[in-house]
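One structure below.
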Amino acid sequence: MQITIGRLRGGFCVSWRDPETGKRRRFQLAARSRAAAEAEARGVYLRERASGGGVTIETIWQAYVAHLGTKPTASTMTYTGRAILPFFGAFRPEQVSTDDCRAYVVLRSRQKKAIGTVHTELGHLRSALRWAAKTGLIPRAPHVERPPKPASRVRPMSDPELRPLISACSAPHVQLAVILLVATGARVSAVLDLTWDRVSFETGLIDLRLPDGVTRKGRAVVPMNRMARDALQQAHAARLSDHVVEWAGRRVKSIRTGYQAAMRRAGLSDLSIHQIRHTVAVKMLQAGRPLVEVSQFLGHSNIQITERTYARFMPERFADAARILDLPGFDDPAGTSHGATIRERRVECQGAGWWVMRDLNPRHLRCERSWFRPSC
């Protein structure tokens, strides 16, 4: 979007070259500040293009990215646009159809792109079109069909995998980053963004948050465990910059290469760095921590995200519901097979030895061979 903000009659104006005629077009703006003029100018430009039937997906896409400014989504859309715009860029919004969306999915699949990637790309297209409709740049947003979002590929790592992985990190900054990922459950971006002013050895807290609006992903304030404290104290003593994870005094933007090298040395494969975050969540849930606590630790915006991603790793949460389905008379008297599938508690009753309780009814406790009241 090649527009120019200038001064006209004591205020601001916007001008551009018409791509079809080559003539210069100029419009007076009502804005009284430079920032307001830039925002108004985009709207004027798009409305004028739309009135002449010239507004295209590419025009809307570029305007939406400019509207997002410094938000992380704007940077992401720069990459997704490389796939979307060659296919949809010349379309006008009303020309986008379900058949086009399905043809795009077929094309990207032939290019060996994951369905999750295609889902995200079409999601960005839908967001841009909805924004254009909301701001009045187009009458309405067309329906953008997306393939079903694939199930989360959660593959938690075991302790025997984590220990050699950390030991295999040859570069100190890579090892520090991996330790923090394991100790905080944070995303890689949060660890690489962490600065020393948000690490408090006095309170034992690590503040992973950034100012509001900088990231669309939630981040949390988490306590540092012993492993994290030891690693952070060593790094703090040798620090050369404000960032916790650094290399030669410079901020580290990616540890992908170092992590993959550590994976090879540890004899591991098919474990992306994001699986460390999944591992943290699963370890907490399997240790019996409440779902809401895990959700807050991970910085999820709502507990439904946590439940949707990790509920299958909590089979014990349905144990009480499964016990309701037990049929009387089908108990194994010897307790050799059926009893092994039921969560059991053993109690001593009137010195008669240990009995297995199967039903924690508040009035009656079902024993292996008989019913008795809690007063027995």
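The values are calculated or read from the model by the stated rules, or taken from the named source; none is laboratory data. Fair warning: this is a prediction, and the values are worked out from it, not measured in the lab. Methodologically, a virtual Cβ is constructed for each residue, glycine included, from the backbone with ideal geometry; neighbour enumeration extends over all protein chains shown.
Hey, does the stretch 106-125 have a residue that's within 14 Å of residue 62 (Cβ to Cβ), part of a helix (DSSP H, G or I) and either in contact with a Leu (Cβ under 7 Å, 6 or more places away or on another chain) or modelled with pLDDT of 95 or more (or both)? Yes, because at least one residue in the stretch 106-125 is within 14 Å of residue 62 (Cβ to Cβ), part of a helix (DSSP H, G or I) and either in contact with a Leu (Cβ under 7 Å, 6 or more places away or on another chain) or modelled with pLDDT of 95 or more (or both).
Within the stretch 68-82, the presence of at least one residue that is on the phi > 0 side of the Ramachandran plot and either in contact with a strand residue (DSSP E or B) (Cβ under 9 Å, 6 or more places away or on another chain) or at pLDDT 80 or above (or both) is confirmed. Number of residues in the stretch 128-150 that are surrounded by 17 or more Cβ atoms within 10 Å (Cβ to Cβ) and either assigned to a helix (DSSP H, G or I) or among the polar types (S, T, N, Q) (or both) equals 4.
For first residues located in the stretch 284-295 and at pLDDT 85 or above, partners that are assigned to a loop (DSSP other than H, G, I, E, B) and lie 6+ apart or on another chain with Cβ distances below 7 Å form the pairs 285/314.
Answer yes or no as to whether residue 30 is among the aliphatic types (A, V, I, L, M) and within 24 Å of residue 5 (Cα to Cα). In short, yes. With respect to the conditions (1) out of contact with any strand residue (DSSP E or B) (no Cβ under 9 Å at 6 or more places or on another chain); (2) more than 21 Å from residue 204 (Cβ to Cβ); (3) surrounded by 11 or more Cβ atoms within 10 Å (Cβ to Cβ); (4) among the small types (Gly, Ala, Ser), residue 267 falls short on a single one, namely (3). Looking across the stretch 218-247, the residues that are surrounded by fewer than 18 Cβ atoms within 10 Å (Cβ to Cβ) and in contact with a His (Cβ under 9 Å, 6 or more places away or on another chain) come down to 218, 247. Screening residue 190 on (1) over 30 Å from residue 238 (Cβ atoms); (2) within 23 Å of the chain's Cα centre (by Cα); (3) not polar (S, T, N, Q) shows it passes everything except condition (1). When the stretch 151-161 is filtered for residues that are touching a helix residue (DSSP H, G or I) at 6+ places or on another chain (Cβ under 6 Å) and either basic (Lys, Arg) or buried (at least 21 other Cβ atoms within 10 Å of the Cβ) (or both), only 155 remains.
Considering the stretch 134-150, and only residues there that are in contact with a Pro (Cβ under 9 Å, 6 or more places away or on another chain) and without any contact (Cβ under 8 Å) to a residue 60 or more places away in the chain, the residue that is nearest to residue 64 (Cα to Cα) turns out to be 141. Can you confirm whether residue 96 is loosely packed, with under 14 Cβ neighbours inside 10 Å and on the phi < 0 side of the Ramachandran plot? No: the conditions fail for residue 96.
Residues that are among the aliphatic types (A, V, I, L, M) and not in a helix (DSSP H, G or I) were ranked within the stretch 162-176; the one that is nearest to residue 263 (Cα to Cα) is 168. Considering only residues in the stretch 137-158 that are more than 30 Å from residue 286 (Cβ to Cβ) and basic (Lys, Arg), the one that is modelled with the highest pLDDT turns out to be 146. Hey, any hits in the stretch 48-64 for a residue that's more than 35 Å from the chain's Cα centre (by Cα), in a loop (DSSP other than H, G, I, E, B) and surrounded by fewer than 13 Cβ atoms within 10 Å (Cβ to Cβ)? Checked the stretch 48-64: at least one residue is more than 35 Å from the chain's Cα centre (by Cα), in a loop (DSSP other than H, G, I, E, B) and surrounded by fewer than 13 Cβ atoms within 10 Å (Cβ to Cβ). Could you say whether any residue in the stretch 292-304 is outside any helix (DSSP H, G or I), among the β-branched types (Val, Ile, Thr) and within 22 Å of the chain's Cα centre (by Cα)? Checked the stretch 292-304: no residue is outside any helix (DSSP H, G or I), among the β-branched types (Val, Ile, Thr) and within 22 Å of the chain's Cα centre (by Cα).
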